[in-house]
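Okay, so here's the structure we're looking at.
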Amino acid sequence: MVIREEIEIEGISIILERKDIKNLYLRILPDAIVKVSSPKNLSDDAINDFIKSRIDWIQDTREKILENPPKPKIKYKDGETHYIWGEPFTLQLISNENSKKAFYNADDAVIYLPVPKRSNIKQREKILLELYREEMNKNLNYFLDKCTYFVGCEPNEVKIRNMKNWGNCRKDKRVTLNLKLAKKPPICTEYVLIHELCHLIEFNHGPRFRALMDNFCPNWRGIKKLLNEGE
Ligand SMILES: [Zn+2]
């Protein structure tokens, strides 16, 4: 039999379960709830001491979970919300007989996703990513003109890719931008591009680099936060 109670230690509520086990166990569940399992006959003091000895770890772990709640899983289903340049659109799946490429109607805020019959998530994602790639390519010159004007340097080449980071700048002055930037408000692409162009002046992220960013993109810290929020 399991005896379940809720206790509070240093402001954190903890679910305590006493059952037929030999050792104490402490777990933090994905929703940041702390759960302790204890042998049935262990004293309250022993349990409290055990929890208190791990309180720093408990607090750190809970903070991390609460700051980054798990993201709802994207399924590329009808009616799902997806973003283009920071604006919400409703996804609508259509047959891929007439078009293989995704397109959108800005007035109705609908993205049309042509998909083969019985398509899976990966296939749908790939089709939508091509829309983002197209958006990035379409607007690249606008961003480049604006940002090279601010920073006063030009890269040798700019490529659009599906990649892990938002942007990248190599020592040979080639810049790569993540195509998913087209999901975010345009200011995010400007921030990333200015960041990469600043690497043409200063390769590292040291104080000199940050001073350049402060100069060319004063609100870069706020934009960085916006960029890394949500999907
Ligand atoms: Zn960098």
Across segment 152-177, which residue is nearest to the chain's Cα centre (by Cα) among those that are within 13 Å of the ligand (Cβ to nearest atom) and not in a loop (DSSP other than H, G, I, E, B)?
-> Gly167
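Determine if segment 49-58 includes at least one residue that is closer than 27 Å to Lys225 by Cα, surrounded by fewer than 15 Cβ atoms within 10 Å (Cβ to Cβ) and not polar (S, T, N, Q). Step through it out loud before you land on a result.
Just the residues of segment 49-58 that are closer than 27 Å to Lys225 by Cα, to begin with: 56-58.
Narrowing further to those that are surrounded by fewer than 15 Cβ atoms within 10 Å (Cβ to Cβ): 56-57.
If we keep only those that are not polar (S, T, N, Q) too, we end up with 56-57.
Within segment 49-58 (the criterion being closer than 27 Å to Lys225 by Cα, surrounded by fewer than 15 Cβ atoms within 10 Å (Cβ to Cβ) and not polar (S, T, N, Q)), the answer is yes, since at least one residue qualifies.
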Of the conditions (1) modelled with pLDDT of 90 or more; (2) loosely packed, with under 12 Cβ neighbours inside 10 Å, Lys71 clears all except one; give me its number.
-> (1)
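Has segment 211-222 got at least one residue that is in contact with a Leu (Cβ under 6 Å, 6 or more places away or on another chain) and open to solvent by less than 90 Å² (accessible area, probe 1.4 Å)? Let's see the steps before the verdict.
Here is the first cut: in segment 211-222, the ones in contact with a Leu (Cβ under 6 Å, 6 or more places away or on another chain) are none.
No: zero hits.
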Does segment 163-170 include one or more residues that are exposed (fewer than 14 other Cβ atoms within 10 Å of the Cβ), in the same structural domain as Glu125 (by TED's automatic domain parsing) and out of contact with any strand residue (DSSP E or B) (no Cβ under 9 Å at 6 or more places or on another chain)?
-> no
Looking at segment 74-91, which of its residues are in a strand (DSSP E or B) and open to solvent by 80 Å² or more (accessible area, probe 1.4 Å)?
-> Tyr83, Glu87
Please indicate, with yes or no, whether at least one residue in segment 133-151 is within 14 Å of the ligand (Cβ to nearest atom), open to solvent by 20 Å² or more (accessible area, probe 1.4 Å), of a type in the set (A, V, I, L, M, F, W, C) and farther than 24 Å from Asn68 by Cβ.
-> no
Given the conditions (1) of a type in the set (Lys, Arg); (2) part of a helix (DSSP H, G or I); (3) within 16 Å of the ligand (Cβ to nearest atom), every one holds for Lys180 apart from (3)
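Being touching a residue at least 40 places away in the same chain (Cβ under 8 Å) and charged (D, E, K, R), is that true of even one residue in segment 25-44? I'd like the intermediate steps shown before the answer.
First, the residues of segment 25-44 that are touching a residue at least 40 places away in the same chain (Cβ under 8 Å): 30.
Narrowing the set further to residues that are charged (D, E, K, R) leaves none.
No; the residues of segment 25-44 include none that is touching a residue at least 40 places away in the same chain (Cβ under 8 Å) and charged (D, E, K, R).
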Could you check, for segment 33-42, whether at least one of its residues is under 30 Å from Ile9 (Cα atoms), part of a helix (DSSP H, G or I) and open to solvent by less than 60 Å² (accessible area, probe 1.4 Å)?
-> no
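Going residue by residue through segment 6-15, is there one that turns out to be open to solvent by less than 50 Å² (accessible area, probe 1.4 Å) and within 23 Å of the chain's Cα centre (by Cα)?
To start, the set of residues in segment 6-15 that are open to solvent by less than 50 Å² (accessible area, probe 1.4 Å) comprises 7, 9, 12, 14-15.
Those left that are additionally within 23 Å of the chain's Cα centre (by Cα): none.
No, segment 6-15 contains no residue that is open to solvent by less than 50 Å² (accessible area, probe 1.4 Å) and within 23 Å of the chain's Cα centre (by Cα).
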Taking segment 186-207 and keeping only residues that are among the aliphatic types (A, V, I, L, M), more than 26 Å from Pro88 (Cα to Cα) and open to solvent by less than 30 Å² (accessible area, probe 1.4 Å), one is left with Leu197
Selection over segment 198-227 where residues are over 21 Å from Trp85 (Cα atoms), part of a helix (DSSP H, G or I) and of a type outside the set (S, T, N, Q) yields a count of 10
Selection within segment 11-59 - on the phi > 0 side of the Ramachandran plot and aliphatic (A, V, I, L, M) | Ala32
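The values are calculated or read from the model by the stated rules, or taken from the named source; none is laboratory data. These figures come from a predicted structure and were not determined experimentally. Positions of Cβ are generated from backbone atoms using ideal geometry, with glycine treated the same way; all protein chains shown enter the neighbour counts. For the accessible areas, the whole protein counts, side chains as well, though only heavy atoms, and no ligand, DNA or RNA atoms are used. Shrake-Rupley method; radii C 1.70, N 1.55, O 1.52, S 1.80 Å.
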